[in-house]
Amino acid sequence: MPKIGALFNSPDFLAALCGLAAFVVVVLVWTAFIDNDPLPDRLKSIAQRRDEFEGERRKKNSRRASLQKHGLMKQVVEWLKLTQGKSLDGLRLKLRRAGYHSRDTMFVFLFAKLALMAGLSATSFFFFVIVKMIDIPASAALFIPLVAALIGWMLPDVLVKNMSQKREDVLRKATPDALDLLVICAEAGLGLDAAFDRVSREIAPTAPELSEELALTGVELNFLPDRHKALRGLSERIPLPSIIALVNTLIQTEKYGTPLAQALRVLSAEMREDRIMKAEEKAAALPAILTVPMILFILPPLFVVLIGPAALRVSALMATR
């Protein structure tokens, strides 16, 4: 204790304390007299807020323009009575299988068919009948616009079918991984709707198409009074054997009260085995598929390399004789 008292009473300690106090006083006085101009920060915040308002206004204008455009398409389609018929539900399901879930997609699709039919027919009529770009008989020239109109009417169907097939291939590749995540969620104690929601969020970066379908199914499970209808909607939108088997398993699980995790694990193992069998089938068919390319592209260069030098020598010997 006497050493500590002597330390506090020493001249060096008192000088250091006085220096620290003087430094603090100088800093406080300096900060008090500094003129902090808030104008640049305020101008920056105002400019940022103005940009936000401008972005919101542009979004509203673009949304309003798109709504007006869709409204015009809808009026044209309804005026021509194209939405009447029994095939309307099939068309809506076809568009949903291609990944288009909006209400206005059907009107845009029908309007696109009309526009392509009229545009291709008018273009072919102008070039082959009026301008006569190719010298063909008049009957054939009048027949070409009809063919062009038929192509324009069928082209959107072909494009949508192609998109749905590509989408099914992507969904087929992502289904086993999603099913494994469903097994993990079920074993963790999550319900069916919560499991669908969690799996959709987990696979969103790698498989956004399947994530969208599972998220939509989770929403329908929460809001539709019949849960089986929501599950059947998933199998209708994705007509794959694996998805149909998954939906049937989930419906039986809900109906009879069997353990969800055990049923999903058995189904996951079956899907894995099916995937391995398909890969083995492709590998077994590979030699037969490669036979024609080998005959056309590999054997001729091989014959040229092996027989070419001998043929050149024979031809040179024959020339010398």
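Readers should treat all values here as calculations from the given coordinates under stated rules, not as data from a laboratory. Keep in mind the model is a prediction, meaning the values are calculated, not measured. FYI the Cβ positions are ideal-geometry reconstructions off the backbone, even for glycines, and counts take in every protein chain you see.
Below is a table of values for the structure above.
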read-out: Lys, Arg +1 and Asp, Glu -1 on Cβ, resulting dipole of region 88-164 about Cα centre, debye, nearest 20; value: 340
read-out: Karplus-derived HN-Hα couplings along region 104-115 (A = 6.51, B = -1.76, C = 1.60, θ = phi - 60°), whole Hz, x at Gly and Pro; value: 7, 5, 5, 5, 5, 5, 5, 5, 5, 5, 5, 5
read-out: Relative contact order of region 169-282, pairs being alpha-carbon contacts under 8 Å that are 6 or more residues apart, as %; value: 26
read-out: Phi-based couplings in Hz for region 136-142 (Karplus 6.51, -1.76, 1.60; Gly and Pro marked x); value: 10, x, 5, 5, 5, 5, 6
read-out: Karplus-derived 3J(HN,Hα), 6.51/-1.76/1.60, for each residue of region 165-180, Hz, glycine and proline x; value: 5, 5, 5, 5, 5, 5, 5, 5, 6, 8, 5, x, 5, 5, 5, 4
read-out: Ordering of 277-289, 192-204 by burial proxy (mean other Cβ atoms within 10 Å per residue, highest first); value: 192-204, 277-289
